[in-house]
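First comes the structure, then the notes that go with it.
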């Protein structure tokens, strides 16, 4: 278990702000990196490949010399017509961390390794983890039960234990991580990084509308529904958002609803993880990271004092 050397520079807390569709942009990425955690965004959050390159230039220009690394998410799937063009930009610009989703391809991994970059891959089950490991990825993002977005259904204890039996690379745990104590718990479980999405939606720099952030504050674990109805792939959405879009949470189909444009659907049908119940405010990213760091220190100190069973 280890964090790649290229990602250790400037890192003061083992946290990655997840790349969230229509939510993560240069502002939140820069604030994350300048405050000691890894910030990421999906290349598709920019409408064109040219715009994606412009975002990379903007981010690089705004990063401090001692900033943590940043990363970009690419959807490695035939339905993404921009994959090759966006990947070419990533290689040319030498993006430090590439996060791949919906497909682990050795050619992509080798292209990133060619300039010294690191590849982490999203997985939701052990079968996908094995395929990604065979493709040569450096790390596996274990999307466990309760995570926002395209979430898995496997308990994090089971997922980490099974994956660690055959994978000795970096493990990044995703699912209901909202506090610094959660970060400490992820490390105790055997992960190297905590992957936090929903918590970073509720930052002032995130591109989510205020109503989205307010709904997260008003939601708890029981207000999250896991369904393929929006995108065709099982994902977690807030019940209230489904209702506001005319979708009955009690009568969800086992397949994608007839929505003309999936991207537009994600704009109004809002995703969140079950960790929303621990989120009660909207903070500047820098303040959130300071709080996470304090909570992490308190949690590790409490554990260090637990000597009765040692």
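Here is how the numbers come out for the structure above:
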item	result
Qualifying position, being closer than 27 Å to residue 35 by Cα and modelled with pLDDT under 95, among 197, 139, 180, 149	149
Every residue from segment 214-227 that is buried (at least 19 other Cβ atoms within 10 Å of the Cβ) and under 11 Å from residue 279 (Cβ atoms)	215, 216, 219
Residue within segment 177-193 that is over 28 Å from residue 302 (Cα atoms) and buried (at least 22 other Cβ atoms within 10 Å of the Cβ) present	no
Residue 103 surrounded by 15 or more Cβ atoms within 10 Å (Cβ to Cβ), under 22 Å from the mean Cα position of the chain (by Cα) and on the phi > 0 side of the Ramachandran plot	yes
Strands (runs of 3 or more DSSP E) lying entirely in segment 1-80 (those with 3 or more residues that are buried (at least 19 other Cβ atoms within 10 Å of the Cβ), in contact (Cβ under 8 Å) with a residue 24 or more places away in the chain and in contact with a helix residue (DSSP H, G or I) (Cβ under 8 Å, 6 or more places away or on another chain))	38-42, 70-75
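The values are calculated or read from the model by the stated rules, or taken from the named source; none is laboratory data. Just so we're clear, the structure is a prediction, and the values are computed from it rather than from any experiment. Here the Cβ is made from the backbone with ideal geometry for all residues, glycine too, and neighbour counts use every protein chain on show.
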